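One structure is given here, and the rest of the page talks about it.
All of the numbers you see were taken from the coordinates with simple rules; none came from a lab. Every value quoted in this text rests on a predicted model; they were computed, and no experiment measured them. Glycine also receives a Cβ, built like all others from the backbone with ideal geometry; neighbour counts cover every protein chain displayed.
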Amino acid sequence: MKSIFVMCITLCLLSGCDTLRFAPSESQKQNAWLHNRTAEFAADTARGENTSGKLKGLTNLSAMQSRAITSYYGMPQQFPPADNADEVLSQGNIQLAQQAATDAARRPDLWQIADNGLELGIGIAALFGGVFGARAVRFLRDAKIKSKALKEIIEGNELFKRQNRAIADDFKDAQKNQSPETRQLVAQMK
């Protein structure tokens, strides 16, 4: 069982957090809904003006696709002003789109995820009780302590390299004998 915990933790650390994302924020939900309104106004405008069939088809498809995006994100609690094209193009809605893009780029902190995972593992192992549970709790607590130590070492090394740029290359040379696995793990944790 100990090897399964080690393997799970190792896989989580090596896979990184690029695929993990936060749930959509209110600004993202508002932006998705606003995108749907924008696409609908664009499709209506293309139909009403002397535009090519291709542009009409593209704007109609865009409006249809934006409904799926809005459904995926969920409806916002508060709707931004979007009763007409001028309201859609307001400065406030442009700022909302920028905020939604910022929110979308956020990722969870790898260290916090690992810490939470270890806490969950400790809680589950404690439920089992007995010799196995006690050993698993001890193992996971040790892993948590080692994870914290590794975080502190990496953060300290990065700070040292930033403050001592003149010897940063020497510092990197001193680390060149690390295994490829260690290098990959440290690079992902940075």
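By Kyte-Doolittle mean hydropathy of at least -0.5 and Cα axial length of at least 18 Å, which whole DSSP H helices of the chain are selected? Don't skip to the end; give the middle numbers.
On the way: long enough: 2-15 (20 Å, 2.01); 26-48 (33 Å, -1.24); 53-73 (30 Å, -0.24); 91-105 (22 Å, -0.32); 110-128 (27 Å, 1.09); 130-163 (49 Å, -0.34).
TM-like helix candidates: 2-15, 53-73, 91-105, 110-128, 130-163.
Overall shape of the chain was characterised from the C-alpha gyration tensor. The equivalent ellipsoid obtained from it has semi-axes of 48, 24, 15 Å, in decreasing order. Taken over the stretch 26-105, the percentage of Cα pairs per 10 Å bin, counting from 0 up to the bin with the maximum distance, is 20, 47, 28, 5.
Peptides 76-84, 34-42, 59-67 ranked from most to least packed, by the mean per-residue count of other Cβ atoms within 10 Å: 34-42, 59-67, 76-84. Computed over the stretch 108-190, the P(r) curve from all C-alpha pair distances, binned at 10 Å from the origin, holds 16, 36, 26, 15, 6, 0 percent per bin.
As a test of the formula, what do you get for the chain when each DSSP H run with n ≥ 4 contributes -39,500 (n - 2.57) and the sum is divided by the residue count, at 222 nm and rounded to the nearest 500 deg cm²/dmol?
Values: 9 runs with 147 residues, N = 190.
Helix contribution divided over all residues of the chain: -26000 deg cm²/dmol.
Give me the net charge for the shell around ASN36: Cβ to Cβ below 13 angstrom, other residues only, Lys and Arg +1, Asp and Glu -1. Taking every Cβ under 13 Å from that of ASN36, the sum is +1. In a reduced charge model with +1 at each Lys and Arg Cβ and -1 at each Asp and Glu Cβ, the chain shows a dipole moment near 820 debye about its Cα centre.
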